[in-house]
1. Name the residues in region 142-163 that are of a type in the set (V, I, T) and more than 16 Å from ligand 1 (Cβ to nearest atom), would you?
2. Condition first: part of a strand (DSSP E or B) and surrounded by fewer than 24 Cβ atoms within 10 Å (Cβ to Cβ). Now tell me which residues in region 1-17 satisfy that.
3. Can you tell me which condition A253 does not meet? The list is (1) surrounded by fewer than 19 Cβ atoms within 10 Å (Cβ to Cβ); (2) out of contact with any helix residue (DSSP H, G or I) (no Cβ under 8 Å at 6 or more places or on another chain); (3) closer than 21 Å to S135 by Cβ, and all the others hold.
4. How many residues are more than 16 Å from ligand 2 (Cβ to nearest atom) and in contact (Cβ under 8 Å) with a residue 60 or more places away in the chain if we restrict to region 1-27?
5. Could you look through region 28-53, keep only residues that are away from ligand 2 (no atom under 14 Å from the Cβ) and in a loop (DSSP other than H, G, I, E, B), and pick out the one that is surrounded by the fewest Cβ atoms within 10 Å (Cβ to Cβ)?
6. Is it the case that F238 is part of a helix (DSSP H, G or I), in contact (Cβ under 8 Å) with a residue 12 or more places away in the chain and buried (at least 21 other Cβ atoms within 10 Å of the Cβ)?
7. For region 131-153, what are the residues that are modelled with pLDDT of 95 or more and within 14 Å of G266 (Cα to Cα)?
8. Working carefully through the options P177, P199, find the one that is buried (at least 16 other Cβ atoms within 10 Å of the Cβ), at pLDDT below 95 and within 16 Å of ligand 2 (Cβ to nearest atom).
Amino acid sequence: MYILGIDTSCDDTSFSILEDDTNVKANVVFNQNELHRIFGGVVPEIASRKHIEYIEPLFLQFMRSHQFSPKSLDLIAVTAGPGLIGSILVGLSFAKGLSLSLGKPLAAVNHIEAHAMSIFLEKKIDFPFLALVVSGGHSLILLVRNYCHFEVIGSTRDDAAGEAFDKIAKFLNLGYPGGVAVERLSKGGKRDFVNFPRPMLEEDNFDFSFSGLKTSFLNFVKRNPPTNETINHIVASFQEAICDVLTEKTLRAAKALSVKRIVVGGGVASNERLREMFFEKSEKEGIEVFFPSPEYCTDNAAMVALLGFYRYKSGIVSPITVKGFSRMSINYKGC
Ligand code: KG4
Ligand code: ZN
């Protein structure tokens, strides 16, 4: 089967063609970073307007440059939520148009579940496993029992991990996306230069909270304005605190649920310090941790095509009336 994936959940317009669940024939992400950089974050109205302007020419260019004919497609998979609703509706409407005009089935998928499953593009993991999905909009721990059975074990009470990176980067004028800028600046920095709080670590649950950590960072830099000599140490200490909380809580959840495998996904999963810390800590616990390649951590349509394929194989197709959602519940009913 050839599955077309479309993702417009935020500011990226992404298309992918996947052959079954094994072979990514093409995966292209057109980002709008230049437009949003001046604002230090994504401006939803600009994002959706640009999706409207570009989705058709980008799709035609994508198909032409990879020498694919729309007629060769067997399934149209698209993100239906969660995310920026204006942006989602552009991709979803475009997918519906293709599905109707080509007479091919539609698979509307949950973007978070797609992040949780993205590792399967490169490696098949035995069920059950825990998925830590950490991106600009979400920080969740999911128990994944099968291709379409996801159970929320923990989530953020306020800011997502990526959002915290983005906000401090904006405050320091480091550039956008913030996580990438913070990681770059942290290289070689002293991770214990500032002892930032590790929120929620003492609490007996698997939830996160990053808003207090962000405030503590902002208070620190207001009291101690960073210099060329200290800035890399300060951001490295902040990155260390986030990675510490994410790894500790996820490993604690894995032990509590006796799950031996952890998969990490979402844009923050491309952070090298997070990867390193997970590998260091998990080895002692006898837990295996898996990370997709960076191109499948950040938003991409290949993971959407993949989840669409699994849903289709499980007998689920979406009606043409399927709605888009800015918030979307996780599918814990299974299939
Ligand atoms: O998954 P994603 O591309 O989009 C959402 O679904 O939100 O994630 C984007 C988020 C941004 O907050 C960005 O700052 C963060 O992922 N991010 C990183 C890194 N690369 C992207 N955070 C930390 N380290 C990175 N290397
Ligand atoms: Zn995402």
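1. Hits for region 142-163 are V144, V152, I153.
2. Selection gives Y2, I17.
3. (1)
4. Final tally of qualifying residues: 9.
5. Among residues in region 28-53 that are away from ligand 2 (no atom under 14 Å from the Cβ) and in a loop (DSSP other than H, G, I, E, B), the one surrounded by the fewest Cβ atoms within 10 Å (Cβ to Cβ) is I38.
6. Against the criterion (part of a helix (DSSP H, G or I), in contact (Cβ under 8 Å) with a residue 12 or more places away in the chain and buried (at least 21 other Cβ atoms within 10 Å of the Cβ)), F238 qualifies.
7. Passing the criteria: A131, L132, V133, V134, S135, S139, L140, I141, L142.
8. P177
The values are calculated or read from the model by the stated rules, or taken from the named source; none is laboratory data. Quantities reported herein were computed from a predicted structural model and do not represent experimental measurements. Cβ atoms come from the backbone with ideal geometry, glycine included; neighbour counts cover every protein chain shown.
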